[in-house]
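Notes to accompany the following structure.
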Amino acid sequence: MPLITITRNIGCGGTTIATRVAKELQLELYDDRRLEEEATRMGFRPVDMKSLDEKAPGLFDRLWGQKPELYLDLLQSVIFEVARRGQGIIMGHGSQMLLRDFGCALHVRIFASDEFRINHLVKQRGHSREAAESLMRKRDNERRGFIRYAFHMDWNDPSLYDLFINRDKLSIDSAVKLIVKAAGSQEIRECSMTALDSMERMSLSRKVEAALIKNDFSPHEFHIEVPQKGVARVTGWTHSPDEKERVVEVVKGVPGVSDVESEVAVVPMAGS
């Protein structure tokens, strides 16, 4: 079964389309709520994933404001964990960028003109035209800012997507049919075990990074690799043997880690 990422602007009917595609293909739909559930299942506390809103710095909740690196590591570990299963539909959250080199995924972009989107919001949500336009601008700016900050990329870059759907011309029914047909192609259906294993190892490395950040270690002091399933290799430096030991203990406590290869050097602080 296919793995699909769907990126959409507010007011394009993207959520309705994704829901119908998921039902048609009998796939799990990973929206905000489902991604948070997945994060909890993986061992993250609800407070760690308090918000998955795609917003720029300064607009995020307490987590983003204090530790944006932690937020991004948690988000990426969840996306990679979902991707390693090789099937499902992931809504937004930079999934098209995180999985851009993952050959098993079909990346879909749903868009529409401003006029279409404003009319859609007025009709579907009962907003005034002025309120609909204000909401549209606000959400676009937030998502654009999030993508640029988190991934240093433009979410409108056509190289990130395999299929573009223009809602000015295509109905929801037509959009669903196109995605279902594309998802059924041989190229998308075939997914190598190597690719799935890579996603699993990437997910674990992000979980380890997130655990270190949560325990007040700087992400700039360590490099994490997962050379094989369950093995976490930590390279970096600390200021004392006790601190080095604590790093190893933190990594050992990450769900999915069965062995730690420590290449952490002790570099005493100047004057100590």
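The values are calculated or read from the model by the stated rules, or taken from the named source; none is laboratory data. Note that the structure is a prediction, hence the values are computed from the model and not measured. Cβ coordinates were reconstructed from backbone atoms using ideal geometry, including for glycine residues, and neighbour counts include every protein chain displayed.
So LYS181 fits all but one of (1) closer than 29 Å to THR19 by Cα; (2) in contact (Cβ under 8 Å) with a residue 12 or more places away in the chain; (3) not in a strand (DSSP E or B); what number is the exception?
Here LYS181 meets the rest and fails (2).
Being buried (at least 24 other Cβ atoms within 10 Å of the Cβ) and assigned to a helix (DSSP H, G or I) is the filter here; which residues of the stretch 1-16 pass it?
GLY14
Inside the stretch 17-55, can you point out the residues that are of a type in the set (Lys, Arg), modelled with pLDDT under 90, outside any loop (DSSP other than H, G, I, E, B) and surrounded by 15 or more Cβ atoms within 10 Å (Cβ to Cβ)?
ARG34
How many of the residues making up the stretch 99-128 are over 27 Å from the mean Cα position of the chain (by Cα) and within 12 Å of THR7 (Cβ to Cβ)?
Number of matching residues: 0.
Identify all residues within the stretch 157-174 that are free of Cβ contacts under 8 Å to residues at least 24 places away in the same chain and within 15 Å of GLY92 (Cα to Cα); write none if there are none.
Within the stretch 157-174, just ASP157 meets the criteria.
Considering only residues that are of a type in the set (S, T, N, Q) and out of contact with any Ser or Thr (no Cβ under 7 Å at 6 or more places or on another chain), which ones fall in the stretch 1-36? Spell out how you get there, then give the answer.
To start, the set of residues in the stretch 1-36 that are of a type in the set (S, T, N, Q) comprises 5, 7, 9, 15-16, 19, 26.
THR7, ASN9, THR15, THR16, THR19, GLN26 - these are the residues of the stretch 1-36 that are of a type in the set (S, T, N, Q) and out of contact with any Ser or Thr (no Cβ under 7 Å at 6 or more places or on another chain).
So in the stretch 125-156, with the set limited to residues that are in contact (Cβ under 8 Å) with a residue 60 or more places away in the chain and of a type in the set (A, V, I, L, M, F, W, C), which one is nearest to SER113 (Cα to Cα)?
The residue in question is MET136.
Can you name every one of the helices (runs of 4 or more DSSP H) wholly within the stretch 56-172 that holds 3 or more residues which are modelled with pLDDT under 90?
Numbers: elements: 62-66, 68-83, 95-98, 114-125, 129-151.
The qualifying helices (runs of 4 or more DSSP H) are 62-66, 68-83, 95-98, 129-151.
Assuming ASP173 fulfils every condition listed in (1) in contact with a His (Cβ under 9 Å, 6 or more places away or on another chain); (2) farther than 23 Å from LEU99 by Cα; (3) of a type in the set (D, E, K, R) apart from one, which condition is it?
(1)
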